[in-house]
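Nothing in this text is a laboratory measurement; each read-out follows from the coordinates by a stated rule. Bear in mind that the values here come from a model prediction, so they are computed numbers and not experimental data. Positions of Cβ are generated from backbone atoms using ideal geometry, with glycine treated the same way; all protein chains shown enter the neighbour counts.
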Amino acid sequence: MSSTDTSIYLNENYGPVREEVTAFDLQVVGELPTELNGRYLRNGPNPLSDPDPATHHWFMGDGMVHGVRLREGRAEWYRNRYVGSTTLQRTRGLPEIPGRNWNDSPGGPNTNVGGFAGTTWAMVEAGGCPVELTYDLETVGRNDFHGTLPGAFTAHPKVDPDTGEMHAMVYAWPQWMDHVQYVVVGADGRVRRTVDLPLPGMTMLHDMSLTQRYAVVYDLPVTVDFDLAFAGRFPFRWNPGYGSRLGLLPREGAAEDTVWVDAPICYSYHPMNAYDVVGGPDDGKVIIDLCVYDRMFDSDILGPFGDGFARLERWTVDPVARTVSTVVIDDARSEFPRHRGSLTAKPYRYGYCASPSLDPTWPTFKYDLVTGEKQVFDHGPGRSAGEPVFVGRQGGTAEDDGWLITFVHDATDASAELVVIDAQDFARGYVAQVRLPQRVPYGFHGNWVSDRSVPEPA
Ligand SMILES: [Fe+2]
């Protein structure tokens, strides 16, 4: 079935760590900005038991959150903890975790982690309920937004910086075969609105985009493959015959108000940001910057990188003519795109990406989307940086006045660091490097959770 004989996604730094570690007073090289008070958290797959390397899919590993607590220029602690799940509890011979499990999902969220409505959440797509974590990353239980979430959620919600509401486009395998759902969670942490959107099939709906006018659905040609599903495998596969569409759902509209636009045959996990054009010749069009793969899960059905890597593109969507025009911003490998969170759904200038590859040297990119200039932060040979999370400097007015925070894996000695980079000055080198007590496997997404958003309990 696959031309890949065995999963690369268990080797080297894809491989799991076995211990849950707590370490205090970490060594810092350089100087941590004293205003960074909070936690950098990142989720990723870390298989509990040894999976079959012939069939193991990277996305199926049990969720583990790694976190570093910073305060007043010190790195107070590092912790890594499995995210609570039925599987974890069974493996450990412990009782089920609290909280409603609407679809009896055995796994726990392995894809994203962050703060919202005063709480720390681990999140995943395809049906699993968010899991609430303590400040110290222990599992509280599943939390369906205090009983208000009807079903599935996502790992990629978008928080509107003006309203504080969280927007999500969600799907549920195998419960919802004919629709996805738009979910809006109020700043109080309770769902205030859902809209069911019929789709012609079941796409792997990883992310969404938000503009001031629209919630954007990515109906792309990676769809359920029943042969894989019945074999107990990761059930999504490249299916170009499905077609490729974007749906522009007006944020307060009904499903039938959605404007559907044919899109290039491709796959994208992650948009960098999106916004509406107001005024000028492109008035009313939608700009989406996103990382685009030519194909996904075609020959490599164990993970995302065996069929090629993504490049950064700008798509201009015309909701009247129902067309998409595409421009390649950069041919280089780009993934895990981020932007300044206060500009989500708004015009913006700067974006940041990781650059995964098959070797362990992954630089960090900064794009000036106005001038087209690109800057590269070289972490050194054998050093790979993950998703660069932007944190604005307090009182800063320039869009890029702040820091990038990420984990760096060093393949030369299998060590890990949390690094802080000046987003305005890559030439300066690291602002700070926090030495971590163990390797941090390659993972997915993280966030800076300031103590203002989720305070440390007294
Ligand atoms: Fe993602």
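Quick one: count up the residues across segment 1-58 that are of a type in the set (S, T, N, Q) and closer than 24 Å to W77 by Cα. Selection size over segment 1-58: 7. Checking the condition surrounded by fewer than 18 Cβ atoms within 10 Å (Cβ to Cβ), assigned to a loop (DSSP other than H, G, I, E, B) and either away from the ligand (no atom under 16 Å from the Cβ) or of a type in the set (K, R) (or both), which residue from R333, R295, R314 passes? Exactly one residue qualifies, and that residue is R295. Listed by position, the strands (runs of 3 or more DSSP E) enclosed by segment 243-282 that each have at least 3 residues that are within 16 Å of the ligand (Cβ to nearest atom) are 271-276.
Taking segment 128-165 as the range and being within 16 Å of the ligand (Cβ to nearest atom), over 27 Å from P95 (Cβ atoms) and without any contact (Cβ under 8 Å) to a residue 60 or more places away in the chain as the test, the residues that pass are T154, P157. Taking V259, is it among the aliphatic types (A, V, I, L, M), surrounded by 22 or more Cβ atoms within 10 Å (Cβ to Cβ) and either free of Cβ contacts under 8 Å to residues at least 40 places away in the same chain or closer than 28 Å to V185 by Cα (or both)? No; evaluated as a whole, the condition is false for this residue. For A122, the conditions (1) away from the ligand (no atom under 16 Å from the Cβ); (2) more than 28 Å from D294 (Cα to Cα) are fulfilled apart from (1). Evaluated against (1) closer than 18 Å to R295 by Cβ; (2) charged (D, E, K, R); (3) not in a strand (DSSP E or B), R237 falls short on exactly one condition, (3). Listed by first and then second residue, the pairs linking a residue in segment 101-127 that is in a strand (DSSP E or B) to a residue that is within 16 Å of the ligand (Cβ to nearest atom) and among the charged types (D, E, K, R), with Cβ atoms under 8 Å apart and 6 or more places separating them unless they lie on different chains, are V113/R42. When L48 is tested against (1) surrounded by fewer than 16 Cβ atoms within 10 Å (Cβ to Cβ); (2) assigned to a loop (DSSP other than H, G, I, E, B), only condition (1) is not met. Tell me, yes or no, whether segment 208-225 has at least one residue that is touching a His at 6+ places or on another chain (Cβ under 7 Å), in a loop (DSSP other than H, G, I, E, B) and under 22 Å from T119 (Cβ atoms). Yes, there is a match, as at least one residue in segment 208-225 is touching a His at 6+ places or on another chain (Cβ under 7 Å), in a loop (DSSP other than H, G, I, E, B) and under 22 Å from T119 (Cβ atoms). Scanning segment 162-195 for residues that are among the small types (G, A, S) and either more than 21 Å from the chain's Cα centre (by Cα) or not in a strand (DSSP E or B) (or both) yields G164, A172, G186, A187, G189. Please give the number of the condition R428 fails out of (1) farther than 29 Å from E12 by Cβ; (2) in contact (Cβ under 8 Å) with a residue 40 or more places away in the chain; (3) basic (K, R). Of everything listed in (1) farther than 29 Å from E12 by Cβ; (2) in contact (Cβ under 8 Å) with a residue 40 or more places away in the chain; (3) basic (K, R), R428 misses just condition (2). Per the conditions (1) farther than 16 Å from L418 by Cα; (2) buried (at least 19 other Cβ atoms within 10 Å of the Cβ); (3) hydrophobic (A, V, I, L, M, F, W, C), the sole criterion not satisfied by A54 is (2). Being of a type outside the set (G, A, S), outside any strand (DSSP E or B) and in contact with a strand residue (DSSP E or B) (Cβ under 6 Å, 6 or more places away or on another chain) is a description that applies to L205. One residue stands out among those in segment 405-430 that are in contact with a Leu (Cβ under 8 Å, 6 or more places away or on another chain) and of a type in the set (S, T, Y): the one that is nearest to G446 (Cα to Cα), which is T406.
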